[in-house]
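Working notes, beginning with the structure itself.
The values are calculated or read from the model by the stated rules, or taken from the named source; none is laboratory data. Note that the structure is a prediction, hence the values are computed from the model and not measured. Because the Cβ atoms are built from the backbone with ideal geometry, glycine has one as well, and the counts that use them run over all protein chains shown.
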Amino acid sequence: GQSLEQPSEVTAVEGAIVQINCTYQTSGFYGLSWYQQHDGGAPTFLSYNALDGLEETGRFSSFLSRSDSYGYLLLQELQMKDSASYFCAVSGNTPLVFGKGTRLSVIA
Amino acid sequence: GAVVSQHPSRVICKSGTSVKIECRSLDFQATTMFWYRQFPKQSLMLMATSNEGSKATYEQGVEKDKFLINHASLTLSTLTVTSAHPEDSSFYICSARGRNMYNSPLHFGNGTRLTVT
């Protein structure tokens with residue numbers, strides 16, 4: 001089966017940097033995705049890592065270590081609008097499976 | 001690319017009625033569509049996977065006679081919640097994948113918030 005672990009809540013100050021970790025167990029791993037979801041909205045795709053290393057997209061970066069079954073999402077220069085839930089998700093031999101989500105609260 | 005459209009965005013219905021939700025792929029042919037459900041403050045849970053022209057595969061615990069899925073074309077899948085009850089109130093979200101896209105990230109529709117009164 002597949003399972004993912006990520007922290008349930010994180011609080012950070014505006015302008016700071018925050019890292020949200022994700023560990024996973026899966027069979028037939030293809031890649032690790034990250035999604036952002038604001039209250040009442042649908043998940044929005046942020047990043048995807050199929051290979052080890054760091055992928056950078058503006059203020060957001062995502063890292064993957066396949067040997068450690070571990071990845072993280074890094075958010076820099078935090079803004080109030082970044083307050084949302086962040087989900088990691090693995091692609092494997094079964095359809096996309098989501099972690100339980102990390103609720104990020106950005107405070108002034 | 002990989003734009004997915006979902007309709008309606010919000011629906012309120014009375015208990016016992018049926019509701020149909022549409023999911024369309026706008027710029028690619030969706031050989032596979034996925035239907036997820038999300039209860040408040042919880043994660044997305046996969047309900048079923050549908051492949052064009054064949055019967056949907058339902059996840060354990062999801063009643064196939066209650067949640068009817070039709071994937072009759074390469075751009076459209078529908079989810080019909082039959083005889084809806086208040087406990088079916090949830091956020092329903094679809095996503096789609098095209099041929100040779102199995103190693104690509106999934107993109108989602110905007111979701112349908114169903115409220116059953």
Elements of type strands (runs of 3 or more DSSP E) in the range A:1-58, at least 2 residues being under 20 Å from B:Phe34 (Cβ atoms), within 12 Å of another protein chain (Cβ to nearest Cβ) and touching a residue at least 12 places away in the same chain (Cβ under 8 Å): A:3-5, A:31-37, A:44-49
Output for the range A:80-108, where each listed residue is more than 14 Å from chain B (Cβ to nearest Cβ), farther than 18 Å from A:Tyr35 by Cβ and not in a strand (DSSP E or B): A:Met80, A:Ala108
Residues being small (Gly, Ala, Ser), more than 22 Å from B:Glu59 (Cα to Cα) and surrounded by fewer than 17 Cβ atoms within 10 Å (Cβ to Cβ) - total across the range A:1-49: 5
Identity of the residue in the range B:80-92, more than 22 Å from B:Ser54 (Cβ to Cβ) and hydroxyl-bearing (Ser, Thr, Tyr), that ends up farthest from the other protein chains (Cβ to nearest Cβ): B:Ser83
Residue selected from the range B:103-117 under the condition within 14 Å of chain A (Cβ to nearest Cβ) and in a strand (DSSP E or B), by the criterion farthest from B:Lys41 (Cα to Cα): B:His107
Test: residue in the range B:49-62 that is out of contact with any Cys (no Cβ under 7 Å at 6 or more places or on another chain) and closer than 22 Å to B:Thr117 by Cβ: no
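Residues checked against (1) in a strand (DSSP E or B); (2) at the interface with chain A (Cβ under 8 Å from one of its Cβ atoms); (3) at pLDDT 90 or above; (4) under 28 Å from A:Glu5 (Cβ atoms):
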| residue | (1), (2), (3), (4) |
| --- | --- |
| B:Leu46 | yes, yes, yes, yes |
| B:Thr49 | yes, yes, yes, yes |
| B:Ser54 | no, no, no, no |
| B:Leu68 | yes, no, yes, no |
| B:Ala72 | yes, no, no, no |
| B:Thr78 | yes, no, yes, no |
| B:Cys94 | yes, no, yes, yes |
| B:Met101 | no, no, no, yes |
Answer residue from the range B:30-44, given it is in a loop (DSSP other than H, G, I, E, B) and not aromatic (Phe, Trp, Tyr) and is surrounded by the most Cβ atoms within 10 Å (Cβ to Cβ) among those: B:Leu44
Extreme residue, farthest from B:Ala56 (Cα to Cα), among residues of the range B:1-29 that are of a type in the set (Val, Ile, Thr) and assigned to a strand (DSSP E or B): B:Ile12
